[in-house]
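Shown next, in structure tokens, is the structure this report addresses.
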Amino acid sequence: YIFLPTGRSTVRFNYNDILYIEAYGVYVKIITADGIVVVNQMLSNIEEALPQEPFLRIHRSFLVNLNHINRIASNELGVSTYQLPIGMSYKDKVAQKLKSSGLLND
């Protein structure tokens, strides 16, 4: 789990509950199955604090939890009912990670 500041309090997020994380100006949105929480942190800071497994940066504005991917396309990933774009500069790294994780076959 990770504790993150939200407004005047700090909230605990279990890694497995996080579907994905989206940059939102100087804040980020943590998207879980229960809803969306805006956090007073920058995406790069959260990326450093999270474990590399199962989280992966797929776009300059998105971090995804690999455990929640349910659809893989050439330029986007499906997580729950959301479609997340894969950034051009992240495409090779994402494909490599999906293959090494067993989510994508050659």
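The table below lists the values:
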quantity	calculated
Qualifying residue in region 56-75 (condition: in a strand (DSSP E or B), out of contact with any Cys (no Cβ under 8 Å at 6 or more places or on another chain) and of a type in the set (S, T, Y))	no
Qualifying residues in region 85-106 (those that are in contact with a Leu (Cβ under 7 Å, 6 or more places away or on another chain), assigned to a loop (DSSP other than H, G, I, E, B) and at pLDDT below 95) - the one nearest to E53 (Cα to Cα)	S101
Residues that are open to solvent by 10 Å² or more (accessible area, probe 1.4 Å) and not charged (D, E, K, R), drawn from region 67-84	N67, H68, I69, N70, I72, A73, S74, N75, S80, T81, Y82, Q83
Subset tally (residues that are surrounded by fewer than 19 Cβ atoms within 10 Å (Cβ to Cβ) and either touching a residue at least 40 places away in the same chain (Cβ under 8 Å) or of a type in the set (K, R) (or both)) for region 5-21	4
Where a residue in region 64-84 is under 19 Å from Q52 (Cα atoms) and its partner, wherever it lies, is among the acidic types (D, E) and crowded, with 17+ Cβ neighbours inside 10 Å, with Cβ under 9 Å and at least six apart	L84/E22
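The values are calculated or read from the model by the stated rules, or taken from the named source; none is laboratory data. Everything numeric here is computed off the predicted structure, so don't read it as measured data. No Cβ is skipped: glycine too gets one built from the backbone with ideal geometry, and neighbour counts run over all protein chains shown. To get the accessible areas, we keep the full protein, side chains included, count just its heavy atoms, and leave off ligands, DNA and RNA. Shrake-Rupley method; radii C 1.70, N 1.55, O 1.52, S 1.80 Å.
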